[in-house]
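Trainee: Below: one structure in structure tokens.
Read the figures in this text as sums done on the coordinates, not as results from a lab. Predicted model, so just to flag it, every value in this text is computed and none were measured. No Cβ is skipped: glycine too gets one built from the backbone with ideal geometry, and neighbour counts run over all protein chains shown.
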Amino acid sequence: MTDIDQKKFTKNFTLQEPIGKQGIEKALSILNSGKIHRYNVDEGEKGETALLEEEFAAYMGKKYCLACASCGSAMYLALKSAGVKSGDKVLCNAYTLAPVPGAIENSGADIELVDIVDDYTIDLDDLERKAKKEKNAKWLMLSHMRGHITNMERVVEICNADNLVLIEDCAHTMGASWDGKRSGSFGKVSCFSTQTYKHMNSGEGGLLVTDDPDLIARAIIYSGSYMLYERHTARPPMDVFENINTMVPNYSCRMDNLRAAILRPQLENLNTQCECWNRRYRFLEQGLIQIKGITCPKRDPRENYVGSSIQFSLIDQDETTIKKFLIKCMDQGVELKWFGSEKPVGFTSVYSSWEYFNNLPYLANTKRILATMCDMRIPLTFDIKDCKLILQIIKDVAQTILK
Ligand SMILES: *Cc1c(COP(=O)(O)O)cnc(C)c1O
């Protein structure tokens, strides 16, 4: 094939859909009112942020919700509110995104990294071993990285047997479920992101949910409620706060009404959006698994994921070949990310680059799996025709480059 008839994909992998009309109108009315701060409400008025919290708690089937500045800050508040103290150990799967170890470090805790298995999820045997071995590891921050959900029944069993408090990072599983139960409803507390590249888009933002009245009261005060926690409506009775209101510092990680206003209509539409992602995901997966040299791990039928990105492995290919493959795809407009790089690049980083932690372990499986894994965003600005062209390009490149 000559360069002339080489296919080229020209759409942008980081372009999200526009904010809908309803969201824009709500945002404009907030701007016109000037009442952007969440506590800037009239007597008896529920602000947009409080309403979003009520609606997201209801969506999740949880009692309480707190809207935060980001998922990273929600995770930090979750750890602090769950009682993590300086010097404690938090277990965490080694394949995740930088804000997750960042939140653990911010809480003063140390990290105990857990290996992963070939379907990119946490190695539950390694988790069990480390939960037993590390006496002061009482927390598990389980990151459902890139939407891959492990066997949650077994996670809960392990946590119960070893007295681990489960905290879920659901940045990529908003709208997903395991065996009919929503991702984020297994843990004591769970965190979601509304950052532009996740399942709802407010630029930045995070949501924390829990059923625990003491935990949410601490999280609300930590988030910077001043003494205005009464204005929250997805909260426990006031006396829960009054016992602790001078004991919990203010870390100022609130969400504002503007963001909440553009998120509320998106929440109404979330399940429909998840179906749109999955149509594209399934189409891509069907195509990818037919390409020689490319493997997509099987997904458990109990996992009802949201395919907002897709991962595949170039098993047995060496680093030079993989780099050539990535460059050639990029030349034709297909942007793939690779977690195998020793140096952090853009949004990706391998666990060994989190050097602010001491004594990071060598995790042979994580290293091996990340070394051949490619990752591609599936923004909803792509349609099935776009996915078709992407597949053709990947196939052509795979045929010329892979060994
Ligand atoms: C994006 C992301 C986060 C954090 O989200 P922010 O809102 O950007 O802080 C956490 N975990 C994972 C796996 C993510 O991809």
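Trainee: I need two numbers for segment 231-319: Rg to one decimal and Dmax as a whole number, Cα atoms only, in Å.
Mentor: My reading of the Cα-based Rg and Dmax gives 22.1, 63 Å.
Trainee: Next question. Within segment 9-41, which residues have the backbone N less than 20 Å from the label spot 7 Å out from Met227 along Cα→beta-carbon, could you tell me?
Mentor: Label zone hits: 38-41.
Trainee: Identify the residues of segment 229-262 with backbone N under 15 Å of a label point that sits 7 angstrom from the Cα of Ser29 along the Cα-to-Cβ direction, or state none.
Mentor: Only 257-262 fall inside the zone, counting backbone N under 15 Å.
Trainee: With springs only between Cα atoms under 10 Å, which of Cys65, Cys170, Cys274 fluctuates most in a Gaussian network model of the chain?
Mentor: Result: Cys274 has the largest fluctuation of those listed.
Trainee: Label point 7 Å out from Val345 along Cα-to-Cβ: which residues of segment 112-127 have amide N under 11 Å?
Mentor: none
Trainee: Also: Pick from Val41, Val84, Val100: which residue has the top mean-square fluctuation in a GNM of the chain where Cα pairs under 10 Å get a spring?
Mentor: Largest GNM mean-square fluctuation: Val41.
Trainee: For Asn160 and Ile315, compute 0.36 nm times the residue count separating them, minus their Cα-Cα distance, and round to one decimal in nm.
Mentor: 52.2 nm
Trainee: Separate question: So what's segment 113-186 giving for Rg/Rh, alpha carbon basis, Kirkwood Rh from the mean inverse pair distance?
Mentor: With Rg and the Kirkwood Rh in hand, the quotient comes to 0.94.
Trainee: Using the Kirkwood radius over Cα pairs, work out the Stokes-Einstein diffusion coefficient for segment 21-266 at 20 °C and 1.002 mPa s, in µm²/s as a whole number.
Mentor: Rounded to a whole number, D works out at 118 µm²/s.
Trainee: Cut-off is 10 Å between beta-carbons; in what order do Glu153, Glu53 appear when sorted fewest neighbours first?
Mentor: Listing Glu153, Glu53 from fewest to most nearby Cβ atoms yields Glu153, Glu53.
Trainee: Roughly how many nanometres apart are two label points built 7 Å out from the Cα toward the Cβ at Lys388 and Asn243?
Mentor: Using points 7 Å along Cα→Cβ, the separation is 6.2 nm.
Trainee: Ok, one more. At q = 0.15, 0.16, 0.20 Å⁻¹, what is the log10 ratio I(q)/I(0) for segment 70-148, with the Debye formula run over Cα points and no solvent?
Mentor: After summing over all Cα pairs, the log10 values are -0.47, -0.54, -0.83.
Trainee: Mind checking which lysines have their Cα closer than 25 Å to the Cα of Lys26? Skip sequence neighbours fewer than 8 apart in that chain.
Mentor: Output for Lys26: Lys35, Lys46, Lys198.
Trainee: What do you get for the angle between helix 257-268 and the principal long axis of the chain? Use alpha-carbon atoms, 0 to 90 degrees, nearest ten.
Mentor: Rounded to the nearest ten degrees, it is 60.
Trainee: Still on this model: What order do you get for Val209, Val117, Val350, Val345 when you list them from fewest to most C-beta neighbours inside 10 Å?
Mentor: Working: Val209 29, Val117 17, Val350 20, Val345 13.
Ascending number of Cβ neighbours within 10 Å: Val345, Val117, Val350, Val209.
Trainee: Do me a favour and compute the ellipsoid semi-axes for segment 136-225 from its Cα gyration tensor, root of five times each eigenvalue, largest one first, whole Å.
Mentor: 21, 19, 10
Trainee: Next question, about the same structure. Roughly how tilted is helix 71-81, in degrees to the nearest 10 and between 0 and 90, from the longest Cα axis of the chain?
Mentor: Helix 71-81 sits at roughly 50 degrees to that axis.
Trainee: Would you mind pulling out the separation of the Cα centroids of segment 203-238 and segment 90-109, in Å?
Mentor: Here the answer is 22 Å between Cα centres.
Trainee: Shifting gears a bit: Counting only helical runs of four or more DSSP H residues, what would the 222 nm mean residue ellipticity of the chain come to if each run contributes -39,500 (n - 2.57) and the total is spread over all its residues?
Mentor: So the calculated ellipticity at 222 nm is -11500 deg cm²/dmol.
Trainee: Using a cut-off of 13 Å between beta-carbons, work out the net charge of the residues near Ser341 (Lys and Arg +1, Asp and Glu -1, Ser341 not included).
Mentor: Taking every other residue near Ser341 into account, the sum is +1.
Trainee: Roughly what angle does helix 213-222 make with the longest principal axis of the chain, taking Cα atoms, 0 to 90 degrees, to the nearest 10?
Mentor: The helix 213-222 is inclined about 80 degrees to the chain.
Trainee: Among Ser107, Ser352, Ala260, which residue has its Cα positioned farthest towards the positive end of the charge dipole of the chain, with +1 placed on the Cβ of Lys and Arg, -1 on the Cβ of Asp and Glu, and the dipole taken about the Cα centre?
Mentor: The Cα lying farthest towards the positive end belongs to Ser352.
Trainee: Using 1/(1 + (r/R0)^6) with R0 = 35 angstrom and r between the beta carbons of Tyr362 and Lys395, what's the FRET efficiency to the nearest 0.05?
Mentor: Computed FRET efficiency for Tyr362 and Lys395 comes out at 0.50.
Trainee: Most mobile of Thr366, Thr210, Thr381 per a Gaussian network model of the chain (Cα springs, under 10 Å)?
Mentor: Thr381
Trainee: Next up: I need to check one value: relative contact order of the chain, counting alpha carbon pairs closer than 8 Å and at least 6 residues apart, in percent.
Mentor: It comes to 22 percent, rounded to a whole number.
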